[in-house]
């Protein structure tokens, strides 16, 4: 069972990621004219906040992993000691791997963002800065991709153990995969080679690079959308973790079984209707000697209507004269 403090840490970190990405998405539209430098630095600042939140998310998941393995959980001011989970090599545990990848990835990404800001302000220069920084940025992106894939595995395990109803989603892995593809494309096709300045001082796409530019724009917008959806979903997952009552899972299983039974009955009925349409008769199983009379009688009267007590509603046996629950006389029997 997850503790209250771990739940708050994880949900707050996920919410911080959502807010920082949303602000960055809208700040891009203000990046024009005299505000270009200010907005660019503001975007770098929000990227640093995002990676800091990812480090905090990784640390929170690590503490949650420690709770799962030690079996010591704090609920409010109460400490509950549970039986710990099966001991296993840490590297084989998805939650441990996920937390480690996030912490390392965020720790690498923050210095990269600081270096990008210093290069932008021309504090110092780098040979081929775009290519160098974009290729270095691939490492934390790959680590985050691996981390969220492992987190998805862990959340799927929670559903299998009936601790949650939300499975691990693929929005965050897809978002980081799109980021990796974007970084590769922008390293191969830098923006200064795709965009050229017009006579009026604006920018236009260089002829022959239109498709590449549109793909890069789609990946840039798509990854932000995937991140917002993914982190919001992650917040919801940990909000309801270990809060679903057992009766819900029992009722859900009953509904699934009833649906399967209805599908099977419908399948048999469709086979029977198709056989009549084609003018064929389904082959019948051979009847055993001892069951011939009973089967024949049942075949002659296939429609057996259910009877219910008029007083309490209990289903009555076919030949019951009185209700077994309240003793009311069975009015359906013919005198």
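Residue 236 meets all of the listed conditions (1) touching a residue at least 40 places away in the same chain (Cβ under 8 Å); (2) closer than 22 Å to residue 97 by Cα; (3) surrounded by 17 or more Cβ atoms within 10 Å (Cβ to Cβ) but one, namely (3).
Take the conditions closer than 24 Å to residue 100 by Cα, part of a helix (DSSP H, G or I) and touching a residue at least 60 places away in the same chain (Cβ under 8 Å) and apply them to residue 147. Does it pass? So residue 147 passes the test. Counting only helices (runs of 4 or more DSSP H) wholly contained in the stretch 166-282, the ones carrying 3 or more residues that are at pLDDT below 85, out of contact with any strand residue (DSSP E or B) (no Cβ under 6 Å at 6 or more places or on another chain) and farther than 30 Å from residue 54 by Cα occupy 246-277. Taking the stretch 116-144 as the range and being in a helix (DSSP H, G or I), within 20 Å of residue 43 (Cα to Cα) and free of Cβ contacts under 8 Å to residues at least 40 places away in the same chain as the test, the residues that pass are 118, 119, 129, 132, 133, 136. Would you be able to say whether some residue in the stretch 54-63 is in the same structural domain as residue 161 (by TED's automatic domain parsing), over 20 Å from residue 239 (Cα atoms) and either in contact (Cβ under 8 Å) with a residue 40 or more places away in the chain or touching a strand residue (DSSP E or B) at 6+ places or on another chain (Cβ under 9 Å) (or both)? For the stretch 54-63, residues in the same structural domain as residue 161 (by TED's automatic domain parsing), over 20 Å from residue 239 (Cα atoms) and either in contact (Cβ under 8 Å) with a residue 40 or more places away in the chain or touching a strand residue (DSSP E or B) at 6+ places or on another chain (Cβ under 9 Å) (or both): absent. Within the stretch 312-324, at least one residue is at negative phi, out of contact with any strand residue (DSSP E or B) (no Cβ under 9 Å at 6 or more places or on another chain) and at pLDDT below 80.
Give the residues of the stretch 160-182 that are more than 18 Å from residue 230 (Cα to Cα) and buried (at least 19 other Cβ atoms within 10 Å of the Cβ), sorted by residue number.
182
The values are calculated or read from the model by the stated rules, or taken from the named source; none is laboratory data. Everything numeric in this text was worked out from a predicted model, so none of it was measured. Neighbour counts run over all protein chains shown; Cβ positions are idealised from the backbone, glycine included.
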